[in-house]
Amino acid sequence: MNKIMSRFILSGCVLCWILGCNRSRPELHVYTWADYIKPELVERFEKEHGCKIVIDTFDSNEAMYAKIKAGALGYDIITPSSYMVELMSRQGLLLRLDHELLPNITYIDEKYLQLTMDKEMQYSVPYMLSNTGLAYLKSKVPDFEASWASLGRADLKGRVTMLNDMRESIGAALKFLGYSLNTRNPEELKEAEKVLTLWKKNLAKFENEQYKIGLANGEFLLVHGYSGDLLQAQAENEDVVFVVPREGTSLSSDDLVIPKTAQEVRLAHAFINFLADPKVAAENSNFISYVAPNKGAYPMLDPALKKNPAVFLPDELKAKCEVIRDLGEDNAKYTAVWDAVKAAK
């Protein structure tokens, strides 16, 4: 090799080293709900840890679980709801957390740990709290009643959506009937199937992601959805009103977990710890309109969020609400109802 070529190769290697060509950034793969973290916080973590965050989204706990159960690899962080955490941990799909790498979990509000299935945070750390409810356009929907019965209003036919989520939508019918959304009673579930089938005739569709945009732009007049999504729609259109039906609804905690197949375990712990930092949790909550159960974050929450009765529910209404539980073998009863509703004409 001549001297000119040697110098060319050496110069190229030096330039590559200067530009960081010889260093590949680790990638943290996050599997979560859509619009569930402030983008600037993602960028901040990437900069602080010299990594790249890759986000993939799911639209229901069941869809996420089916993918992971089928053997999907490559995810380092997932945000299932607490009842799904219980199922996944029981089936050995989750990694036990190292609390020494998570000093910020001391800020997690013990009161809201009662909503979770993993109260000692062995496999999960609470991320965001939510409840479902109804949102409508007040200028287009006169005489609105804060009841699940509103989903059957004939004057709204074709302009209504419900969540494409088995437990949430069946749960809405069960609460309307005065039953527990965790019932195992076949007769109560059959009644719920009839109610939900009737409501389906009124729907534009079952929908999990675009309903908030459709409501904000007037495509839909009444939607069933998650609190944060509906508050985001309200921020886009002041005509949007968000309410929790008087019969009660579901309360949930979406949790941060690390699947057993994760490749970036330490980085995943660092990301969980980052999100549990009070300043980060408050900034994130104020942006996505969900509430992080973080004691240190509460004083920094937007006052409008803290005072919203559809987010921080009055005690009387909260007493009628429930957390969705994993029902083991009885989950099949809900699957049967959901299949029947979906197949109904």
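The values are calculated or read from the model by the stated rules, or taken from the named source; none is laboratory data. Remember, it's a predicted structure, so these values are computed and weren't measured experimentally. Using ideal geometry, Cβ is built from the backbone for each residue, glycine included, and neighbour counts are taken over all protein chains shown. Areas reflect the complete protein model, heavy atoms only, side chains present, ligands, DNA and RNA absent. Shrake-Rupley method; radii C 1.70, N 1.55, O 1.52, S 1.80 Å.
Numerical summary
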quantity	calculated
Sequence-distant lysines (8 or more away, or on other chains) whose Cα lies within less than 18 Å of residue 175	190, 194, 200, 318, 320, 333
Percentage relative contact order, the chain, counting C-alpha pairs under 8 Å, at least six apart	26
The chain - accessible surface per residue (Å², probe 1.4 Å)	47
Between helix 39-49 and the chain: long-axis angle, C-alpha atoms, 0 to 90°, nearest 10	30
Where labels lie 7 Å past Cα in the beta-carbon direction, separation of residue 155 and residue 329 in nm	4.9
Length added when fully stretched, residue 101-residue 56, from 0.36 nm per residue minus Cα-Cα	13.7 nm
The chain - charge dipole about Cα centre, Lys and Arg +1 at Cβ, Asp and Glu -1, debye rounded to 20	660
Relative packing of 191-197, 49-55, which averages over residues the other C-beta atoms within 10 Å, highest first	191-197, 49-55
Cross-link table 138/205; 52/119; 67/212, entries beyond 27 Å C-alpha to C-alpha	52/119
The range 133-239: relative contact order in percent, alpha carbon pairs under 8 Å with at least 6 residues between	41
On Cα atoms only, tilt of 265-275 relative to the major axis of the chain in degrees	60
Residue order for 206, 220 - accessible surface, 1.4 angstrom probe, largest first	206, 220
FRET efficiency for residue 147 and residue 239, using Cβ-Cβ distance with R0 set to 22 Å, rounded to 0.05	0.60
Surface accessible to a 1.4 Å probe, residue 322 within the full protein complex, Å²	40
The chain: angle of helix 166-176 to the longest principal axis, Cα-based, in degrees nearest 10	30
Spatially proximal lysines relative to residue 47 (Cα-Cα < 18 Å; intrachain offsets below 8 disregarded)	38, 279
Accessible surface of the chain [probe 1.4 Å, protein heavy atoms]: carbon and sulfur percent	54
Projected label distance in nm at residue 40 and residue 114, using a 7 Å step from Cα toward the beta-carbon	3.6
